[in-house]
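J.: Questions regarding the structure given below will be posed in turn.
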Amino acid sequence: MSLERDLAAERERLGMAIRAGGVATWEYNVDTGEAIIDDHGRSILGIAPDIASTDGERRLARLHPDDREAFDAALAEVVAQGGDFEASYRVVENGQTRRIKSFGRIVSDGSVRHLVGVSIDVTSEYMLAETRELMLREMNHRVKNLFAIVGGMVSAGARIHDDVRAYAADLRERIAALGRAHSLASPTGEVQAINLEELVRTTIEPYRDHAAISISGPEILIARSCLSSLALMLHEWATNSVKYGALGASDGRLNIVWKLDHDLQLTWSETRRDALSEDGDVGSGFGTLLVQTSSRQLGGHVERDISDDMFTISLTLPDKVLADA
């Protein structure tokens with residue numbers, strides 16, 4: 001009696017472990033085609049309760065069509081040659097697809113052969129692997145884009161700068177600005193939208209104590225593919241403002257507003273008491289070249305207006321830069 005109690009307790013523990021681990025146990029009669037699967041196993045494998053244990057066709061109908069041939073081949077091989085059975089396949093149930101991995105072994109008790117095995121739902125593992133793959137592909141794509149942008153900046157700067165130290169400092173600032181902007185992008189590999197206000201504030205953050213700064217506009221999400229170009233433009237305007245405009249004066253004021261009216265319209269306005277200069281922003285300088293190139297990449301249009309104490313940049317961008325366009 002003690003031995004029977006011990007065996008019963010052991011079976012109970014084994015059953016609990018199987019259920020907790022999401023494992024389905026089954027037994028397949030090679031000669032009759034009957035499959036013995038309990039209710040727990042049926043739920044894991046997506047086999048409805050009304051499917052008879054001898055109805056192999058209905059039982060296997062849940063397999064993804066692309067996986068059925070490989071499954072049948074693996075089963076036929078182990079039936080013909082004996083040994084171990086292993087198959088990975090997808091199960092389609094109520095429009096949802098799950099990944100299953102099955103292991104089994106042929107056992108014989110004389111005249112009857114059985115394939116005894118277990119099946120495990122590995123959907124979560126596959127999803128994790130797919131996410132990792134997507135992240136690697138996205139990271140590779142992003143790095144290539146950044147190399148292309150930096151390469152263009154290096155080439156443009158080499159044509160314009162004469163002083164190596166000034167060239168290095170200028171390039172270093174722009175690369176740092178790109179880094180700050182790209183810190184807003186999601187590292188998950190998903191196609192994430194970038195909040196325009198967050199991008200503007202991140203660009204202006206190093207200069208928050210330079211002048212009175214006002215930022216306003218509706219919540220707008222920018223497609224991440226447009227992040228680099230827009231970030232470079234904002235950085236150029238901020239840099240020029242420090243050198244020649246409101247961010248370089250104790251009495252300066254910077255007002256950045258945007259609105260959405262079919263197109264995205266962003267206005268950058270600077271005021272200060274003494275006359276403002278547009279040097280470095282208009283002409284053939286390195287910064288001007290980057291702004292023109294970035295604007296062209298975004299399909300946008302830039303207009304500038306300058307008076308004695310006010311300098312305004314008006315940027316118009318097509319709706320394709322929006323995340324939900």
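Each value in this text was obtained by applying a stated rule to the coordinates, not by laboratory testing. This is a predicted model, so every value here is computed, not measured. With ideal geometry, Cβ positions are generated from the backbone for all residues, glycine too; neighbour counts draw on all protein chains shown.
J.: What residues qualify as long-range amide H neighbours of residue 264, i.e. H under 5 Å apart, gap of 5 or more or another chain, H built at 1.01 Å from N?
T.: For residue 264, the qualifying residues are 317, 319.
J.: Run the numbers for residue 205 and residue 165: contour at 0.36 nm per residue of separation, minus the present Cα-Cα distance, in nm.
T.: Numbers: separation 40, 0.36 × 40 = 14.40 nm, distance 2.53 nm.
11.9 nm is the gain from fully extending residue 205 to residue 165.
J.: On to the next question. From the phi of every residue in region 112-121, what ³J(HN,Hα) in whole Hz does the Karplus formula 6.51 cos²θ - 1.76 cosθ + 1.60 yield, where θ is phi - 60° and glycine or proline is x?
T.: 10, 10, 10, 9, 9, x, 9, 10, 10, 7
J.: Pull up all non-local amide H partners of residue 323: gap of 5 or more, or a different chain, and H-to-H distance under 5 Å with H placed in the peptide plane.
T.: Amide H neighbours of residue 323: 221, 222, 223.
J.: Taking 0.36 nm per residue of separation and subtracting the Cα-Cα distance, what length does fully extending residue 292 through residue 312 add?
T.: On the way: separation 20, 0.36 × 20 = 7.20 nm, distance 1.63 nm.
Net length gain for the segment: 5.6 nm.
J.: So for 71, 103, 311, fewest C-beta neighbours within 10 Å to most, what's the order?
T.: Working: 71 17, 103 13, 311 25.
By the 10 Å Cβ count, ascending: 103, 71, 311.
J.: A further question on this structure: Mind checking the full-extension length gain between residue 140 and residue 86? Use 0.36 nm per residue of separation minus the Cα-Cα distance, one decimal, nm. Don't skip to the end; give the middle numbers.
T.: On the way: separation 54, 0.36 × 54 = 19.44 nm, distance 3.45 nm.
Separation in residues times 0.36 nm, less the Cα-Cα distance, equals 16.0 nm.
J.: Report the FRET efficiency, 1/(1 + (r/R0)^6), for residue 58 and residue 36, where r is their Cβ-Cβ distance and R0 is 22 Å, rounded to 0.05. Walk me through the numbers before you get to the answer.
T.: Working: r = 16 Å, r/R0 = 0.71.
After rounding, the FRET efficiency stands at 0.90.
J.: Sticking with this structure for a sec: Hey, can you grab everything whose amide H is under 5 Å from the amide H of residue 93? Only 5+ residues off in sequence or another chain; H modelled, so Pro and N-termini drop out.
T.: 98
J.: What ranking of 109, 31 emerges when the number of other C-beta atoms within 10 Å of each C-beta is taken as an exposure proxy, fewest first? Walk me through the intermediate numbers first.
T.: Working: 109 7, 31 10.
Final ranking by Cβ density, sparse to dense: 109, 31.
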